[in-house]
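Report on one structure; see the data block that follows.
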Amino acid sequence: MRLDRYLADSADRAPDKVALVCGAERLSYRTLESRANALAHAFRALGLKRQQRVALYADNGPEVVVGIFAALKAAGVFVPVNPLVRARKLAFIVEDCEVRLLVTSMRGLREAAEALAACGSLEHVILGDWDGSGEPAGAQALRAAGKCVHALAPLLAAHPAIAPPNPTIELDLAALIYTSGSTGVPKGVMLSHANMHAAASSITEYLRSAPDDVILSPLPLSFDYGLYQVLMAFRLGARLVLEKQFLYPYRYLELLAAERATGLPLVPTISTLLLGVSDLAEHDLSSVRYLTNTAQAFPEAHIRRWRELLPNARIYSMYGLTECKRVAYLPPELIDAKPSSVGIAIPGTEVWIEDEAGAVVEGAGGPGELIVRGPHVMLGYWNRPEETARCLRPGRYPYERELRTGDLFRQDADGHLYFVARRDELIKTAGERVAPREVENALYELPAVKAAAVLAVPDELLGNAIKAVVAVREGMRLTEQELIAHCLKRLERFMVPKHVAFVAELPVTPSGKIAKRELA
Amino acid sequence: MHDSNQLRCDIRQFVIDELLMGDAASMLPDGASLTEAGIVNSTGVLEVLMFLEQKFALSVADRELVPENFDSIDNLVAFVQRKTRAA
């Protein structure tokens with residue numbers, strides 16, 4: 001099934017139902033469908049061809065949701081980009097997958113205009129929050145480079161609200177989702193409509209989602225966990241209450257009570273902040289049917305607290321990676337007996353553990369690498385045949401490919417899975433995947449840096465915090481503040497080191513690499 | 001109660017030093033939203049909270065940790081003034 005049908009079908013069934021709540025805005029399925037149709041016509045009129053890329057670079061909001069469905073309806077491919085990424089990385093992504101159209105905000109344009117002006121493939125930039133008056137900062141730089149800048153509202157008004165013809169079939173790409181690779185260069189995960197429909201269907205099945213669900217999500221739409229909240233809500237004709245980000249626990253709890261939220265997608269950092277609210281038990285949580293955790297292990301202490309607070313809610317501990325969206329979930333009836341397990345393969349897929357020799361681990365055992373098979377496995381990384389070959393291998397049938405997760409797991413006698421470690425050195429912090437190399441590359445841009453190593457240190461709120469250990473060249477000086485300021489200009493905020501240590505020399509291994517183990 | 005000009009100065013300096021890492025050129029007007037500008041995220045809010053509690057010896061209740069009190073320099077100044085006046 002094509003993903004754009006999710007919105008169209010729900011708009012047919014329940015046109016007046018409120019589909020999306022975002023701040024003061026409450027948008028019905030009819031309104032969203034009309035806007036997405038009009039914007040799809042606009043994309044076509046601006047020259048978007050079948051399977052060309054449309055990037056979205058903005059905070060969570062109706063414009064991003066409409067932009068996603070408009071790209072699909074126009075037979076294009078959407079590329080959600082974290083609004084926290086800095087100009088250079090946005091430009092890298094735009095160039096890497098040859099984005100033709102970019103939907104952003106006035107702030108996004110101000111941040112990135114100069115870098116975007118140099119992107120050859122980019123032709124049009126659409127600003128969701130510009131009313132068309134005055135000249136937004138950065139627009140001049142883009143126009144000088146031959147690119148057009150548009151306000152969203154007049155484009156919507158100028159085009160029909162009925163769907164354009166769409167030749168897409170479900171084997172076509174729906175999205176490219178960029179993820180950190182261990183090399184420090186982001187890679188675009190290629191997902192077809194069939195991939196994403198398979199994942200969304202499997203997840204809504206085990207969550208027992210229903211059309212009267214109200215999902216409260218503060219997760220960014222650029223993060224697949226956040227993106228799927230929209231897809232799953234619209235697939236069922238449910239309601240999504242979308243927050244820009246998780247900032248104020250009290251505000252979130254008030255919204256939860258006011259909207260009678262039934263589903264709470266969480267990551268451990270958000271869970272920590274919520275459980276830190278002193279009068280949490282006095283808040284009205286009675287509407288909650290289920291709570292989910294992924295991105296980082298759900299601490300057992302959190303699970304116990306949530307069980308006490310919400311004895312009738314289903315609590316799901318899950319594990320996944322962008323390359324197939326979701327891998328495993330623990331059936332909620334097992335949460336008290338096996339709180340540290342992430343359970344079993346999601347419905348319609350299978351997983352197994354292989355030892356070093358590639359043999360399948362039967363019965364209780366491991367650790368070994370977890371392998372995934374199913375219709376949700378990505379098509380590969382955009383333009384990265386070597387990295388794709390490392391991650392996907394031929395499967396049982398000629399058209400099939402199996403996903404090597406790069407994660408080590410063990411299983412108990414019932415076949416329930418337990419995460420052990422990652423095989424590469426990616427750091428999980430606040431639910432985000434960070435490549436130490438990407439941070440180190442930024443540090444090496446500073447002339448005073450002779451050597452740098454980035455590693456994880458335990459952190460109560462973030463799970464892991466990022467630490468930089470830096471040796472400065474003789475005769476040069478570098479303060480922690482200068483180092484951080486540079487990182488903030490170059491990297492997403494969650495990648496910026498929380499701790500910095502200066503040392504005279506970094507220890508090296510016999511082969512001349514930096515010995516990170518000695519630094520930990 | 002704190003001198004309102006001094007208070008404003010202290011809060012601005014904190015935002016420049018700790019949230020903008022010394023980048024004074026990126027400082028916003030006092031009425032602008034720190035969230036909209038991308039200066040504050042969920043851990044940033046906690047940094048502001050800890051600063052207020054330490055610097056002004058305030059005790060901030062969970063229910064006071066809302067954008068009306070925290071999301072701009074103006075809101076922060078007004079919030080600290082209300083709290084210290086009440087104390």
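The values are calculated or read from the model by the stated rules, or taken from the named source; none is laboratory data. Only a predicted model underlies this, so the values are computations on that prediction, with no experimental measurement involved. A quick note on method: Cβ atoms are made from the backbone with ideal geometry, for glycine too, and the neighbour counts reach across all protein chains shown.
Descriptive notes on the structure:
- Counting only helices (runs of 4 or more DSSP H) that sit wholly inside chain B, those with at least 1 residues that are under 24 Å from A:PRO249 (Cβ atoms) and either acidic (Asp, Glu) or at the interface with another protein chain (Cβ under 8 Å from one of its Cβ atoms) (or both) are B:42-55, B:67-70, B:73-86.
- Scanning the range A:260-281 for residues that are among the charged types (D, E, K, R) and at pLDDT 95 or above yields a total of 1.
Residue-by-condition table, conditions (1) closer than 22 Å to A:SER271 by Cα; (2) in a loop (DSSP other than H, G, I, E, B); (3) of a type outside the set (D, E, K, R):
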| residue | (1), (2), (3) |
| --- | --- |
| A:GLU425 | no, yes, no |
| A:ARG433 | yes, no, no |
| A:LEU443 | no, no, yes |
| A:LEU446 | no, yes, yes |
| A:LEU455 | no, no, yes |
| A:ALA471 | no, no, yes |
| A:GLU482 | no, no, no |
| A:PHE494 | yes, no, yes |
| A:GLU505 | no, yes, no |
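- Taken together, the criteria place A:GLU354 among residues that are closer than 25 Å to A:SER180 by Cβ, of a type in the set (D, E, K, R) and either in contact (Cβ under 8 Å) with a residue 12 or more places away in the chain or not assigned by TED's automatic domain parsing to the domain that holds A:GLY380 (or both).
- Comparison of A:PHE409, A:PHE494 shows that the only residue that is more than 20 Å from the chain's Cα centre (by Cα), within 19 Å of A:THR294 (Cα to Cα) and buried (at least 19 other Cβ atoms within 10 Å of the Cβ) is A:PHE409.
- Evaluated against (1) under 30 Å from B:ILE39 (Cα atoms); (2) surrounded by fewer than 24 Cβ atoms within 10 Å (Cβ to Cβ); (3) of a type outside the set (Val, Ile, Thr); (4) within 14 Å of chain B (Cβ to nearest Cβ), A:LEU266 falls short on exactly one condition, (2).
- Taking the listed residues A:ARG53, A:ARG35, A:ARG44, the one that is in contact with a strand residue (DSSP E or B) (Cβ under 6 Å, 6 or more places away or on another chain) and among the basic types (Lys, Arg) is A:ARG53, with no other qualifying.
- The number of residues in the range A:230-255 being touching a Pro at 6+ places or on another chain (Cβ under 6 Å), more than 12 Å from every other protein chain (Cβ to nearest Cβ) and either under 20 Å from A:PRO80 (Cα atoms) or not hydrophobic (A, V, I, L, M, F, W, C) (or both) comes to 1.
- Restricting attention to the range B:62-87, the residues that are exposed (fewer than 14 other Cβ atoms within 10 Å of the Cβ) and either modelled with pLDDT under 90 or within 9 Å of the chain's Cα centre (by Cα) (or both) total 3.
- Scoring A:SER278 on the criteria (1) facing chain B (nearest Cβ under 10 Å); (2) buried (at least 21 other Cβ atoms within 10 Å of the Cβ); (3) outside any helix (DSSP H, G or I) leaves a single failure, condition (2).
- Only residues that are outside any strand (DSSP E or B) and in contact (Cβ under 8 Å) with a residue 60 or more places away in the chain were counted in the range A:281-319, giving 6.
- Residue match in the range A:78-87 (condition: among the basic types (Lys, Arg), closer than 19 Å to A:ALA442 by Cβ and modelled with pLDDT under 95): yes
- Every test in (1) at pLDDT 95 or above; (2) under 24 Å from A:ILE93 (Cβ atoms) is passed by A:ILE203 save one, and that test is (2).
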